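Only one structure is covered here, and it is reproduced in the block below.
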Amino acid sequence: MSRPYLFSQGDWLSLNQGLPEKMRQEIVALPPQRILSSSLDDLCDYFVDSYSMEVPVLQKDGIVVDQQEKDIDVSRDWGRDWSTPGPHYMKGTEISVCIPFSGNPDLFRVRPNTFSSNPPSGEVNGQTLILKFSGTQLDVNAVRGQIDAEVVQIEGCLSTLRSNVEPYNKGIRQTARQQLEARRTKLLADQNLVSGLGFPLRERAEASRTYAPPQVRRKLKPSLPPQSTEPFKPEPALTSDDYEHILGVMQNMAQVMEKSPSAFKAMDEEALRTHFLVQLNGWYEGQATGETFNYGGKTDILLSVDGRNIFIGECKYWSGPKMLRETLDQLLSYSSWRDTKSAVIIFNRNKNFTSVLQAIMPAIQEHPNFKRSLPIQGETLFRFVLSNKDDPAREMIVTILAFEVPSGKEPEKTI
């Protein structure tokens, strides 16, 4: 009986070195427009989906067995009669043990770092592993013992391979992000170099606006995230440090309100908002980094540079999840470019503050443009990312700051 060996067509060390290099080459091959006009987080998600490996897990509760009659070569058993050419066959039986599994079937070909010189045998057909046992006089106990021993050996190889793959999978996102950020930094530097020459940048008519990624063999084929359809143009950005400072100024103002309730209890939303604007203008008016905070249309707090909104703030009284989602729609309507940073200041008055806090995140996650949560310190702070309703590649970072305010007259504008 001749059966193909498992875990013997390639070694893990070569795969561990080759896949990151293949990913690097794919990142290098991405068109500049794709790198500059797509979310880095979404691109990282794509490469994690494309290059991570799921080691097979045998589903032993789904094992089925089949048998068929088969001609068995018994030449070695009888002793070869060299006067008669050809092998000697007898009718026998072949038992096929079919074991379904989840995971990547290609990994049954990979030899783990620790392996046996006598690997198990088997065939892979789709998501089924097939073990075969044959003979002219099979004994049920002996066959069952062979099956159990073979399965134990295979599971041992998979366990070793899993310990090899786990650190590789954990490092994919960081590796992809480092390479994507390095490429984006270079592309931005190249564009800034050209723009500094004082001449308009010529558009290449032949430049492709779309990109079809190479196929990656997986159960669910990943696809590259959406990109902006407009040619990339460097635009002003609010740095993370400035964003955190703006939020800090707001938090300090809220603490003043909490410490002096009598001074604020009769104020409506517009009066409270004015106090926030006074504090923010004290820090940012006249700064070279941007214009002053001001009232812009229906926007409560706005910071813009060269006509581009880079920070948007909305002040609202809490009345329920529905109006919170409508406020997020309102923020998205102001967003004119990707990576806009924004904040929603929620004033809670005459309602159970604990219940309000518990209702905020579920309401956010139900919004159709919610993409992911972001880490932030504080029980009354929430941070997340929304995608633009017209352009999924454009993103808005939103921080919600919830505060208790002194009781007073019921405001006209509430959520």
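Cut-off 11 Å, label point 7 angstrom out along Cα-to-Cβ of GLU404: give me the residues of the range 253-284 whose amide nitrogen falls inside.
Answer for the range 253-284: 258-259.
For the range 92-105, what does the Karplus curve 6.51 cos²θ - 1.76 cosθ + 1.60, with θ = phi - 60°, yield as ³J(HN,Hα) per residue in whole Hz, taken in order and with x for Gly and Pro?
Rounded to whole hertz, the list is x, 10, 10, 9, 10, 9, 9, 10, x, 8, 9, x, 7, x.
Any of LYS259/LYS341; LYS91/LYS132; LYS60/LYS132; LYS316/LYS371; LYS322/LYS351; LYS265/LYS316 with alpha carbons more than 18 Å apart? Name them for me.
Too far apart for the 18 Å limit: LYS259/LYS341; LYS316/LYS371.
FRET efficiency for GLU379 and ASP11, Cβ-Cβ distance as r, R0 = 45 Å, nearest 0.05?
0.35
What distance in nm lies between label points placed 7 Å from Cα along the C-beta direction at VAL278 and VAL249?
The answer from the label model is 1.4 nm.
Pull up all non-local amide H partners of GLY10: gap of 5 or more, or a different chain, and H-to-H distance under 5 Å with H placed in the peptide plane.
Those lying under 5 Å, H to H, from GLY10 are ARG111.
Read phi for every residue in the range 241-249 and hand back ³J(HN,Hα) as whole Hz from Karplus 6.51 cos²θ - 1.76 cosθ + 1.60, θ = phi - 60°, with x for Gly and Pro.
Per residue, the Karplus-derived 3J(HN,Hα) values read 5, 5, 4, 5, 5, 4, 5, x, 4 Hz.
Ordered by residue, what ³J(HN,Hα) values in Hz, to whole numbers, does the range 370-383 give under the Karplus form 6.51 cos²θ - 1.76 cosθ + 1.60, where θ = phi - 60° and Gly and Pro are x?
5, 10, 6, 8, 10, x, 7, 8, x, 6, 10, 10, 9, 9
Given a Förster radius of 45 Å and the C-beta distance between PHE353 and ARG177 as r, what FRET efficiency does 1/(1 + (r/R0)^6) yield to the nearest 0.05?
0.75
Describe numerically, in nm with one decimal, the distance between label points set 7 Å from Cα along Cα→Cβ at ASP241 and at MET90.
8.5
For labels at GLU258 and ILE130 in the simple 7 Å Cα→Cβ model, what's the distance in nm?
6.8
Using a Förster distance of 45 angstrom, determine the FRET efficiency expected from the C-beta separation of GLU270 and GLN25, and round it to 0.05.
The formula returns an efficiency of 0.20 here.
Quick check on packing: order 254-262, 242-250 by the mean number of other C-beta atoms within 10 Å, highest mean leading.
Result, highest mean first: 242-250, 254-262.
Laboratory data are not the source of any read-out in this text; all were calculated from the coordinates shown. Here the structure is a predicted model, which is why all the values come from computation and not from measurement. All Cβ positions, glycine included, derive from the backbone under ideal geometry; neighbour counts span all protein chains shown.
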